[in-house]
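**Student:** Below is the structure I would like to discuss, written out as structure tokens.
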Amino acid sequence: MSIDLVAERREALVAAARTAMGTAYAPYSGFHVGAALLFEDGAIVTGANVENASYGLSLCAETVACSIAAHAGRRGGLLAVAVSGGAGGRADAAISPCGRCRQVLNELAALGGTDPLVICTGAKETVEMRLSALLPNAFGPANLA
């Protein structure tokens, strides 16, 4: 499925991820991440990373955004994801979702049969790819049928 985002939607999605980065709770690493999810109806859901003194209990921005979307009843329709982050809340280099977040995003995308565009933004670069390129041969809901 080919999904072209008009410049206005792309800019709004990236801006939402950068804004979300400002709400990160990252007192241990100092690495702030914001994520924004764009759905078919035009809704944008955001999340930011939330660290915990017990490091393994920390939550990534993408996981938080997916959880918020699921709590709101969204089960599919994911068109695109924007991620922005960096030390001290500065998005110097483009970063991509970690392995756990790729799997969480895949679950949400699989529920609607989409292959969302993932937009990774930094101060001077943007890297874009489909989720299927980030997580080839993904395990998902269909594997449990």
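**Student:** Return the inverse of the average 1/r over all pairs of distinct C-alpha atoms in the range 1-46, which is the Kirkwood hydrodynamic radius, in Å to one decimal.
**Tutor:** 11.6
**Student:** What number in nm² do you get for the chain if you take the convex hull of its Cα atoms and divide its surface by four?
**Tutor:** Projected over every direction and averaged, the Cα hull of the chain covers 8.6 nm².
**Student:** Binned at 10 Å from 0, what are the whole-percent values of the Cα-Cα distance distribution for the range 79-131, short to long?
**Tutor:** Spelled out bin by bin, the range 79-131 gives 26, 50, 21, 3 percent.
**Student:** How much area per residue is accessible in the chain when the probe is 1.4 Å and only protein heavy atoms are counted (Å²)?
**Tutor:** 50
**Student:** Going highest first, how would you order 115-122, 93-100, 136-143 by mean Cβ packing within 10 Å?
**Tutor:** So the peptides 115-122, 93-100, 136-143, ranked by packing, come out 115-122, 93-100, 136-143.
**Student:** Only four residue types carry charge here, +1 at the Cβ of Lys and Arg and -1 at the Cβ of Asp and Glu. Report the dipole size of the range 1-96 about the Cα centre in Debye, rounded to the nearest 20.
**Tutor:** 120
**Student:** Which value in deg cm²/dmol, rounded to the nearest 500, describes the helix-derived mean residue ellipticity at 222 nm for the chain, given -39,500 (n - 2.57) per DSSP H run of n ≥ 4 and division by the residue count?
**Tutor:** -9000 deg cm²/dmol
**Student:** Below 8 Å, C-alpha to C-alpha, sequence gap of six or more: please give me the relative contact order for the chain in percent.
**Tutor:** 21
**Student:** For the range 28-83, just the Cα atoms, rotate onto the principal axes and tell me the three extents in Å, largest first.
**Tutor:** Each principal axis gives a Cα extent; for the range 28-83 these are 37, 19, 11 Å.
**Student:** Another question, if that's okay. Select from Gly42, Ala87, Leu57 the residue farthest towards the positive end of the dipole of the chain; place +1 on Cβ of Lys and Arg, -1 on Cβ of Asp and Glu, and compute about the Cα centre.
**Tutor:** My answer, from the dipole projection, is Leu57.
**Student:** Round to a whole number: what % of the accessible area of the chain belongs to carbon and sulfur, probe 1.4 Å?
**Tutor:** Summing carbon and sulfur atoms, their accessible area is 55 percent of the total for the chain.
The values are calculated or read from the model by the stated rules, or taken from the named source; none is laboratory data. Here the structure is a predicted model, which is why all the values come from computation and not from measurement. Please note: Cβ atoms are built from the backbone with ideal geometry, for glycine as well, and neighbour counts cover all protein chains shown. Ligands, DNA and RNA are excluded from the accessible area calculation, which covers all protein heavy atoms including side chains. Shrake-Rupley method; radii C 1.70, N 1.55, O 1.52, S 1.80 Å.
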